Each structure stands twice: as structure tokens, then as C-alpha cells.
Amino acid sequence: MASEKIDLLMAGPMMPMIEERLSTTFNVHHFAKAADKTAFLDSMGPKIRAATTGGQAPVNAEMMKKMPKLEIVSNFGVGYDTVDVKYAGENGIIVTNTPDVLNEEVADTTLGLMLMTVRELPQSERYLREGKWLQKPYPLTPASLRDRTVGIIGMGRIGKAIAKRIEAFGMPIVYHSRNPAAGVSYKYYPDLTAMARDVDILIAIIPGGAATKNMVDAKVLEALGPKGIFINVARGTVVDEPALVEALLSKKIMAAGLDVFADEPHVPKELIEMENVVLLPHVASASVFTRRAMGQLVVDNLLAWASGKPPLTPVPETPYPPKRK
Ligand code: NAP
Ligand code: 8YV
């Protein structure tokens, strides 16, 4: 006798391959498509045993309370700041993410964004397209990678992949995190402001959430100084965005390259109008190759759990096996 499919809540839109590969084992219920979310959770919530989400669609405590049989939330993305892992951990719900499979892609994009920002490549490309080269050459860029030290905020999986690439560029590297990273010989700064004072490029690649909110504030930006360039591939919440806008407008820092924003997909008008910023629409991992690998890991975590095996990549806050109340 064929066993019954498991009811799964898909919190937001996801890649079609994820739903296709889940459909043999799960009944997929689309939360985002429900006109009345409360009525949907009241009627479907008691049946749901698994959930999946990515990026913009949260799985918060309020939702999880309405799914008393929920056992697993499989998150698309290594960052899982939109899932309430504290509530999940306290209630025996495993949360999984997609680490490692995106390290190289995100590190590549970070280096691209750094080069674009320092050497004004998008600006000079626009210059050519606008026919301005016919009048005179694009001005020399005030900034170069040649005389700069890089400070990385976060020396985890992706921070290390970024550092490896920057080493090949022959640039000195230092870093900040809560603890010194194992197996790393770069200079460690326990104090972020002190590191910002000593570097010319600051790259953020840390998790979002309450612990890192506005970590890069006016004081850190001031310490980075008028030659300083800020690159953010972490989360928009890690920088005080109004303070960043002010620092860029008043030339307290020279430039910024940003892949992430506080209220995506909304980007402050001031940033869009500035010439000394390069803006990307959260694309650091966004190749077909890497997004497929991330999607497969979302599926594999759920299939492992459904067959009674340990999920492949539970987050540290919700270790397997879970402690159910
Ligand atoms: P990871 O391996 O867990 O590394 C995280 C690093 O951040 C560690 O060095 C950690 O060191 C440090 N850290 C954590 N909390 C901190 C805090 N409160 N203060 C200072 N440092 C802190 O994670 P990963 O795989 O490298 O990914 C990092 C993050 O990048 C993700 O969580 C996500 O937000 C972001 N990301 C963005 C994109 C994008 O598309 N733009 C793509 C992938 C990832 P300590 O624990 O010692 O502090
Ligand atoms: C994804 C990311 O773009 O992995 C992460 O933490 O930010 C990105 O790789 C995002 O999670 C998908 O919405």
C-alpha cells in the first residue's frame, strides 16, 4: 500500500525544480497564494508537518504556533534570518539551510562587486554607451586596489573563499568576527571600529538578524574614512542604511558596492541617484548552476527527514535529533 504524502507548506515562491522533486513525497500547499492567510493556517496548519522557504518569505513563531505537527523547515539560502530558529529550537522543529554549495559563486560576485566599485567599471561602461568617449577619455579613477588593505567582517565559509581570492590579488587581509577563526593566519580584530580605522575596503559577509543589526554604523563608517570603500554581500540589516547614505553623500567614505538592502526589493532613492555606488539586486548566488545546487539541498534535507534519516544540514540552533517538548 502506498504511504500517504506528507503535507508541506511552501511559504513563498520557489524554483519549479524544488516543487517537482518534492511532489513524489509531499502535498505542497502554497501559503503565498492563499488570499486569507489566517484562514489558510487555521484550516491547513494542523496537518502540516514540513515547510520550506527562501529569502523574502518568513516562517515566524506566529505561523509555527498554528502548525503544531511541524517538524522541519528547509530554508533555501545559507542565511536563515527570516526563520525564527529560537522558537523552532524550543519546540523540536529542525531548521536546515544550504551552506557550502554557494561559497564560490558568492565569493566570485563579491570580487566582481569590489572591482566594479573601486575601478568605477559600471560608470565607465555607461560613459562609453552615452557616447562620451568620443569627446574625451574617462577620467582616471581615484581608487585602485594597489594601495589598499581589505578588512572582512565574517571569516566563515564564504569569508574564507573571498579571502583566498583577495590573496591572489596580492592585497593584505585582516578580519573581524566574535572569535578568531580556526586555521586562519590573517590578523584578527576583536573590535570592528578598530579594524575599520586600519583598512581601506570593508567587506561584510556575516549573518543577518538581531545580533548583527546596524553593526556597521556611523562610527564604523567614520573610522573607515574618506578613502574607504564599503562592500556589503551579507544582509541589508547589518548596516545602518541611513547612516551609510549620509556617509556617502558627505564623502565621509568614498564609495560602496551593495548586493543587499534593508527593505528588498526597495532601494533608497538617494542610493539609486548616487554616482559613487554600485548596486546589485541580491544576485551573489544567482547563477543557474548554484541555485540548482541550493534547490537540490533544500529537497535532499526534506527527503532525508521524510525517510527517517538525519537532515543533511541542520543549523546550529536546531541540532538533530530534535528535543520535542
Ligand atoms: P558562516 O560560515 O556561518 O560564517 C559566518 C561568519 O560570521 C563567521 O566568521 C562568524 O564568526 C561571523 N559572525 C557571526 N555572527 C557574528 C556577529 N554577531 N559579529 C561578528 N561576526 C559574526 O556563514 P557563511 O556561509 O559564510 O554565510 C555568511 C552570511 O552571508 C549568510 O548568513 C548570509 O547572510 C550572507 N550571504 C549572502 C548572500 C547574498 O546573496 N548576498 C549569499 C550567501 C550568504 P563568529 O561566530 O566567530 O562570530
Ligand atoms: C539567496 C542568500 O539569494 O544564501 C543566502 O543567504 O542570501 C542568497 O544565496 C537567498 O537566500 C535566496 O532568496
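Counting only residues that are part of a strand (DSSP E or B) and either of a type in the set (Asp, Glu) or in contact with a Ser or Thr (Cβ under 9 Å, 6 or more places away or on another chain) (or both), how many does the stretch 162-184 have?
Final tally of qualifying residues: 2.
For the condition outside the structural domain of PRO142 (by TED's automatic domain parsing) and polar (S, T, N, Q), what is the one hit in ASN301, ASN214, ASN232?
The unique qualifying residue is ASN301.
Hey, could you check the stretch 80-104 for residues that are within 8 Å of ligand 1 (Cβ to nearest atom) and open to solvent by 40 Å² or more (accessible area, probe 1.4 Å) and say which is farthest from SER287 (Cα to Cα)?
If we take residues in the stretch 80-104 being within 8 Å of ligand 1 (Cβ to nearest atom) and open to solvent by 40 Å² or more (accessible area, probe 1.4 Å), then ASP81 is farthest from SER287 (Cα to Cα).
Could you tell me which residue of the stretch 105-127 is surrounded by the most Cβ atoms within 10 Å (Cβ to Cβ), considering only residues that are within 16 Å of ligand 2 (Cβ to nearest atom) and of a type in the set (Val, Ile, Thr)?
THR110
Applying the selection to the stretch 173-189, what residues are farther than 22 Å from GLY236 by Cα and either outside the structural domain of ASP147 (by TED's automatic domain parsing) or open to solvent by 30 Å² or more (accessible area, probe 1.4 Å) (or both)?
ASN179, PRO180, ALA182, GLY183, VAL184, SER185, TYR186, LYS187, TYR188
Scan (1) away from ligand 1 (no atom under 14 Å from the Cβ); (2) free of Cβ contacts under 8 Å to residues at least 24 places away in the same chain for the single condition PHE169 breaks and write down its number.
Result: PHE169 passes all but (2).
Looking at the stretch 1-56, which of its residues are assigned to a helix (DSSP H, G or I), surrounded by fewer than 19 Cβ atoms within 10 Å (Cβ to Cβ) and of a type in the set (A, V, I, L, M, F, W, C)?
Residues satisfying the conditions are MET17, ALA39, PHE40, MET44.
Among GLU241, GLU222, which is over 21 Å from the mean Cα position of the chain (by Cα) and modelled with pLDDT of 95 or more?
Testing whether each residue is over 21 Å from the mean Cα position of the chain (by Cα) and modelled with pLDDT of 95 or more leaves just GLU222.
Which of the residues that make up the stretch 307-320 are open to solvent by 40 Å² or more (accessible area, probe 1.4 Å) and either in a loop (DSSP other than H, G, I, E, B) or in the same structural domain as VAL78 (by TED's automatic domain parsing) (or both)?
Within the stretch 307-320, SER307, GLY308, LYS309, PRO310, LEU312, PRO316, GLU317, PRO319, TYR320 meet the criteria.
With the condition being more than 11 Å from ligand 1 (Cβ to nearest atom) and open to solvent by less than 50 Å² (accessible area, probe 1.4 Å), I'd like the strands (runs of 3 or more DSSP E) fully within the stretch 211-291 carrying at least 3 qualifying residues.
Once the strands (runs of 3 or more DSSP E) in the stretch 211-291 are filtered for at least 3 residues that are more than 11 Å from ligand 1 (Cβ to nearest atom) and open to solvent by less than 50 Å² (accessible area, probe 1.4 Å), what remains is 255-258.
Could you give me the residue pairs with C-beta distances under 9 Å whose first residue belongs to the stretch 127-149 and is over 30 Å from ASP200 (Cα atoms) and in the same structural domain as PHE169 (by TED's automatic domain parsing), whose second residue is of a type in the set (Ser, Thr, Tyr) and assigned to a loop (DSSP other than H, G, I, E, B) wherever it lies, and which are 6+ apart or on separate chains?
LYS132/TYR138
Criterion first (open to solvent by 20 Å² or more (accessible area, probe 1.4 Å) and farther than 24 Å from ASN276 by Cα) does GLY154 satisfy it?
Criteria not met by GLY154.
Could you pull out the residue among GLU270, GLU264 that is away from ligand 2 (no atom under 15 Å from the Cβ), among the charged types (D, E, K, R), at pLDDT 95 or above and in contact with a helix residue (DSSP H, G or I) (Cβ under 7 Å, 6 or more places away or on another chain)?
Result of the check over GLU270, GLU264: GLU270.
Considering the stretch 85-104 alone, what residues qualify as being in a loop (DSSP other than H, G, I, E, B) and away from ligand 2 (no atom under 16 Å from the Cβ)?
ASN91, GLY92, ILE93
The values are calculated or read from the model by the stated rules, or taken from the named source; none is laboratory data. In this text, all values refer to a predicted model and were calculated from it rather than measured experimentally. Positions of Cβ are backbone-derived with ideal geometry, glycine not excepted, and every protein chain shown enters the neighbour counts. To get the accessible areas, we keep the full protein, side chains included, count just its heavy atoms, and leave off ligands, DNA and RNA. Shrake-Rupley method; radii C 1.70, N 1.55, O 1.52, S 1.80 Å.
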